[in-house]
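These notes concern the structure reproduced below.
The values are calculated or read from the model by the stated rules, or taken from the named source; none is laboratory data. Everything numeric here is computed off the predicted structure, so don't read it as measured data. Ideal geometry is used to build each Cβ from the backbone, glycine not excepted, and the neighbour counts take in all protein chains shown. Ligands, DNA and RNA are stripped out before the accessible areas are found, and what is left, the full protein with its side chains, is counted by its heavy atoms. Shrake-Rupley method; radii C 1.70, N 1.55, O 1.52, S 1.80 Å.
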Amino acid sequence: SDKKNGFGILPNKCYNKKGVKIAQTPEILNLSADMNSETKSSTIFIVNSDKGIEASFTSSLGNDESRHTREKIEKTSVKDFIKDITKINSLIQNVSNEEIENINDYSKPLIVKYDFNFKFEDDVIYFNPLFNEATKENIFKAEKRLFKIEMPFTIDETIVLNMEIPVGYSVDELPKSIRTRYKDRKSTRLNSSH
């Protein structure tokens, strides 16, 4: 139903309560947005080297983000797409080995990969090691709401960071581990370890 979606993957607009499976024995399907999950996983490895601090980034995108990313790449190129997403973070320097897997295989998620390096020059550094994966602004900006918030999908995102502390630095403070539980929902856990 959408040329940028793989076989058997419905567009988000189709998740609108109920559907019917057309078969010898028709079946009513639950097509609520809660049944549509946008699953994304990213890994960031940061190591010390002779050139400073080197990092490697890999991200497997969800169906919706994969579709939108394919549309962006169609208009530019893989190199330009990665240049756009890395230029927003001033720490990222010398991006190399840019690669995107599964560009033409719509049944698989896009996998974005690139390497980069950076240097610390100040004595005290406030550092967000999630780089471009960090949430920078609240998407729910309205102070007053007249209607329920409807999301086109649930979000399941995992970010794994493996980082060597740069030579000459020590960690003053780490984020605390927290656990939240929503009514009738799975629990969400945020962990930090060193």
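The figures follow:
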item	result
Boolean, SER96 is touching a strand residue (DSSP E or B) at 6+ places or on another chain (Cβ under 6 Å), of a type in the set (S, T, N, Q) and loosely packed, with under 13 Cβ neighbours inside 10 Å	yes
Selection count where residues are open to solvent by 40 Å² or more (accessible area, probe 1.4 Å) and under 16 Å from the mean Cα position of the chain (by Cα), scope segment 73-86	2
Enumeration of residues in segment 110-126 that are open to solvent by 50 Å² or more (accessible area, probe 1.4 Å) and part of a loop (DSSP other than H, G, I, E, B)	LYS119, GLU121, ASP122, ASP123, VAL124, ILE125, TYR126
Residue in segment 15-27 that is touching a strand residue (DSSP E or B) at 6+ places or on another chain (Cβ under 9 Å) and closer than 25 Å to LYS136 by Cβ present	no
Conditions (1) part of a strand (DSSP E or B); (2) open to solvent by less than 70 Å² (accessible area, probe 1.4 Å); (3) not aromatic (Phe, Trp, Tyr): number failed by ALA142	(1)
Which numbered condition ASP172 fails, given (1) under 23 Å from THR43 (Cα atoms); (2) part of a loop (DSSP other than H, G, I, E, B); (3) modelled with pLDDT of 80 or more; (4) not hydroxyl-bearing (Ser, Thr, Tyr)	(1)
Those strands (runs of 3 or more DSSP E) lying entirely in segment 5-106 with at least 3 residues touching an Asp or Glu at 6+ places or on another chain (Cβ under 9 Å) and small (Gly, Ala, Ser)	37-49, 52-60
Sole exception among (1) at pLDDT 90 or above; (2) open to solvent by less than 50 Å² (accessible area, probe 1.4 Å) for ASN89, by number	(1)
Options ASN48, ASN16, ASN36, ASN30; residue that is surrounded by 10 or more Cβ atoms within 10 Å (Cβ to Cβ), among the polar types (S, T, N, Q), touching a Leu at 6+ places or on another chain (Cβ under 8 Å) and more than 26 Å from ASP105 (Cβ to Cβ)	ASN16
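Yes/no matrix, rows are residues, columns are (1) charged (D, E, K, R); (2) touching a helix residue (DSSP H, G or I) at 6+ places or on another chain (Cβ under 9 Å); (3) modelled with pLDDT under 90:
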{"site": "LEU29", "(1), (2), (3)": "no, yes, yes"}
{"site": "ALA33", "(1), (2), (3)": "no, yes, yes"}
{"site": "THR43", "(1), (2), (3)": "no, no, no"}
{"site": "LYS51", "(1), (2), (3)": "yes, no, yes"}
{"site": "THR58", "(1), (2), (3)": "no, no, no"}
{"site": "LEU61", "(1), (2), (3)": "no, yes, no"}
{"site": "GLU71", "(1), (2), (3)": "yes, no, yes"}
{"site": "VAL78", "(1), (2), (3)": "no, no, yes"}
{"site": "ASP84", "(1), (2), (3)": "yes, yes, yes"}
